[in-house]
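Here the structure is laid out as structure tokens; the discussion comes afterwards.
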């Protein structure tokens, strides 16, 4: 099985991700988060839903910080593999609630806005 998003291909059985045919090396948690978001695209996922699936433990009240850090790291890795300032899709972060993965490109600003984190 292959998961395809614009500019991004995920091979779950091999745990490999490619952006424009170039492999992106992710940590286990970053990979799990990206797959979880890709499987649930266009659905709101709360930080409380994401944290235990990605980290393997129940949240202790700081799950939004941890999930946000993993999303930020994904952004950085996607930008490192490409000379483009566009990322394959973006994730709308709803403050104090969670995330909504959205398809389509978004221009990346030097500092990610607080309400939108591109991935």
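The values are calculated or read from the model by the stated rules, or taken from the named source; none is laboratory data. Bear in mind the structure is a predicted one, so any value in this text is a computation, not a measurement. Every residue, glycine as well, gets a Cβ built from its backbone with ideal geometry; the counts of neighbours run over all protein chains shown.
Worth a mention:
- Among (1) within 22 Å of residue 6 (Cα to Cα); (2) modelled with pLDDT of 65 or more, the one test that residue 104 misses: (2)
- Residue in segment 12-28 that is in a helix (DSSP H, G or I) and either touching a helix residue (DSSP H, G or I) at 6+ places or on another chain (Cβ under 6 Å) or modelled with pLDDT of 80 or more (or both) present: yes
- Options 30, 58; residue that is over 14 Å from residue 93 (Cβ atoms) and loosely packed, with under 12 Cβ neighbours inside 10 Å: 58
- Tabulated pairs, segment 51-75, first closer than 17 Å to residue 40 by Cβ, second in a loop (DSSP other than H, G, I, E, B), C-beta under 6 angstrom, 6+ apart or interchain: 51/59; 52/58; 74/119
- Every condition in (1) loosely packed, with under 14 Cβ neighbours inside 10 Å; (2) within 15 Å of residue 91 (Cβ to Cβ) holds for residue 20 except the one numbered (2).
- Tally, over segment 29-39, of residues that are in contact (Cβ under 8 Å) with a residue 40 or more places away in the chain, touching a helix residue (DSSP H, G or I) at 6+ places or on another chain (Cβ under 9 Å) and closer than 20 Å to residue 1 by Cα: 4
- Unmet requirement for residue 74, which otherwise passes all of (1) modelled with pLDDT of 75 or more; (2) in a strand (DSSP E or B); (3) surrounded by 18 or more Cβ atoms within 10 Å (Cβ to Cβ): (2)
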